[in-house]
Amino acid sequence: MEIGQALPVEKVKQSRLPQVDFNNIPFGKIYSDHMLVAEFKNGQWDGGKIIPFGDLPLSPATSTIHYGQSIFEGLKAYKSETEDKVLLFRPDENFKRFNESATRLCMPHVPEEVFMDGLFQLVNLDREWVPNTPGCSLYIRPFMFAADAYLGLKPSDSYKFLIITSPVGDYYAEPVRVKIERHYTRAAKGGTGYAKCAGNYAASIYPAKLAQEKGYHQLLWTDGAKHEFIEEAGSMNVMFVIGDKLITAPAGDSILHGITRKTVLTLAKEWGMEVEERPVEVKEVLEAVKNGTLKEAFGTGTAATIAHIIAIGDDGTDYELPAIETREFSNKVLKELTGIQRGNKEDAHNWIFKI
Ligand code: COI
């Protein structure tokens, strides 16, 4: 991969790398030495720069704090197992989705040379921060927020775009227990559900906390109209193997258009599996659990990768799902995906960008 146009760089005086225990990496708490910052003002972006990771000076009136005009992405970089390279998984898809989110949130698009070239340069500079430990990676978080100090409600005139990176381990340390949400709504038709905007996540925190107090890891969000159809799990898209079919909700306007989701569907189709992207009724899933035709349930996401769902709770009843070792498809797809991401399986689709 060509690193592209060079952004100005101010390097740290002393790296924090020696302080990191790479055998014990939590999710999202450790940050690499540098970050990228670009600013949008007077109708245009500056070219961006790479500086030491640190706090941002912000006015208390900063518009994003009050009205939530804020979007982000999540992608991962891996140490190759076969050569001295860092491998990025489908960053072009993140770039595309980021600007789709920007349109929905009435924000300016970030130019490719800032997002992509900046990303490659930042990851290259902090390449020693990409963990070598199995199951670990460098999580990359590009984000943009409205930067005007103004209390009126309108699209901001100024924005900041940043990329920070964080060595991470598992997002879910164990198979997840999910609860079907029948009351609260994550996203409605015509809303922002498909965009990766902060507000979608903010709205999910309280209902998810109620579920966590009852011993679940996450919610299974249902449609906002009748709560009869399964949509997604908030931190991931969800899929079911019922009989021999892989079934998942269509990526409409209330569901995040997951890149891992798209990847898994592509692989499943290539492997000759019957794939159905269609509304998934709660009733149908519970019926399949009861009559034994539901073989697998799992979430897909950048942070979560493939997260097995081990139990589904609904209306006070917990439905335990088949043992993880019996799950042919999700175990196979997890192996294939991590193999491609770590460079030891053929990348037939050119999903990997090498640095
Ligand atoms: C991701 O999977 O990258 C996300 O953005 C989900 C977030 C809750 C960690």
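The values are calculated or read from the model by the stated rules, or taken from the named source; none is laboratory data. Keep in mind the model is a prediction, meaning the values are calculated, not measured. Counting neighbours? That spans all protein chains shown, and the Cβs are built from the backbone with ideal geometry, glycine included.
One residue stands out among those in the stretch 313-351 that are aliphatic (A, V, I, L, M) and under 22 Å from the mean Cα position of the chain (by Cα): the one that is surrounded by the fewest Cβ atoms within 10 Å (Cβ to Cβ), which is LEU334. Selection of the stretch 266-276 for residues being in a helix (DSSP H, G or I) and either surrounded by fewer than 15 Cβ atoms within 10 Å (Cβ to Cβ) or in contact with a strand residue (DSSP E or B) (Cβ under 6 Å, 6 or more places away or on another chain) (or both) yields THR266, ALA268, LYS269, GLU270. Filtered by the rule that a residue be touching a residue at least 24 places away in the same chain (Cβ under 8 Å), loosely packed, with under 13 Cβ neighbours inside 10 Å and not in a helix (DSSP H, G or I), the stretch 277-297 gives a lone residue, ARG278.
Within the stretch 237-265, being away from the ligand (no atom under 16 Å from the Cβ) and either of a type in the set (Phe, Trp, Tyr) or assigned to a loop (DSSP other than H, G, I, E, B) (or both) holds for PHE240, GLY243, ASP244, ALA249, PRO250, GLY252, ASP253, SER254. Does the stretch 329-338 contain any residue that is in a loop (DSSP other than H, G, I, E, B), in contact with a Pro (Cβ under 9 Å, 6 or more places away or on another chain) and within 18 Å of LYS85 (Cα to Cα)? Looking for residues that are in a loop (DSSP other than H, G, I, E, B), in contact with a Pro (Cβ under 9 Å, 6 or more places away or on another chain) and within 18 Å of LYS85 (Cα to Cα), one finds none in the stretch 329-338, hence no. Scoring PHE27 on the criteria (1) crowded, with 18+ Cβ neighbours inside 10 Å; (2) within 19 Å of the chain's Cα centre (by Cα) leaves a single failure, condition (1). Would you confirm whether or not the stretch 198-208 contains a residue that is in a helix (DSSP H, G or I), within 14 Å of the ligand (Cβ to nearest atom), farther than 14 Å from VAL285 by Cβ and among the aromatic types (Phe, Trp, Tyr)? The answer is yes; a qualifying residue exists. Residues that are at pLDDT 95 or above, under 23 Å from THR317 (Cα atoms), within 16 Å of the ligand (Cβ to nearest atom) and among the acidic types (Asp, Glu): does the stretch 220-231 have at least one? Within the stretch 220-231, one or more residues are at pLDDT 95 or above, under 23 Å from THR317 (Cα atoms), within 16 Å of the ligand (Cβ to nearest atom) and among the acidic types (Asp, Glu).
Of all the residues in the stretch 188-197, those that are in a loop (DSSP other than H, G, I, E, B), at pLDDT 95 or above and of a type in the set (A, V, I, L, M, F, W, C) number 1. Yes or no: GLY152 closer than 30 Å to GLU320 by Cβ and either away from the ligand (no atom under 16 Å from the Cβ) or part of a loop (DSSP other than H, G, I, E, B) (or both)? It is false that GLY152 is closer than 30 Å to GLU320 by Cβ and either away from the ligand (no atom under 16 Å from the Cβ) or part of a loop (DSSP other than H, G, I, E, B) (or both). Test GLY234 against the stated conditions and say whether it is farther than 21 Å from GLU320 by Cβ, modelled with pLDDT under 95 and within 16 Å of the ligand (Cβ to nearest atom). Here the answer is yes, as GLY234 does meet what is asked.
The residue that is farthest from the ligand (Cβ to nearest atom), counting only those in the stretch 121-142 that are under 19 Å from the mean Cα position of the chain (by Cα) and surrounded by fewer than 19 Cβ atoms within 10 Å (Cβ to Cβ), is GLY135.
Considering the stretch 297-324, the residues that are of a type in the set (D, E, K, R) and modelled with pLDDT of 95 or more include one that is farthest from the ligand (Cβ to nearest atom), namely GLU320. With respect to the stated conditions, THR300 fails to be over 16 Å from ILE180 (Cβ atoms) and more than 23 Å from the chain's Cα centre (by Cα). Checked against (1) exposed (fewer than 15 other Cβ atoms within 10 Å of the Cβ); (2) at pLDDT 95 or above, SER158 meets all criteria but (1).
The residues of the stretch 148-202 that are touching a Lys or Arg at 6+ places or on another chain (Cβ under 8 Å) and of a type outside the set (A, V, I, L, M, F, W, C), listed by number, are ASP157, SER158, THR165, SER166, LYS179, THR192, GLY193, TYR194, LYS196, ASN200. For the stretch 15-115, the strands (runs of 3 or more DSSP E) that sit wholly inside it and include 1 or more residues that are of a type in the set (Lys, Arg), farther than 25 Å from GLY191 by Cα and within 16 Å of the ligand (Cβ to nearest atom) are 75-79. Does LYS283 satisfy being more than 17 Å from LEU219 (Cα to Cα), away from the ligand (no atom under 16 Å from the Cβ) and basic (Lys, Arg)? The answer is no for LYS283. Taking the stretch 298-321 as the range and being farther than 23 Å from GLY28 by Cβ and not in a strand (DSSP E or B) as the test, the residues that pass are ASP315, GLY316, LEU321.
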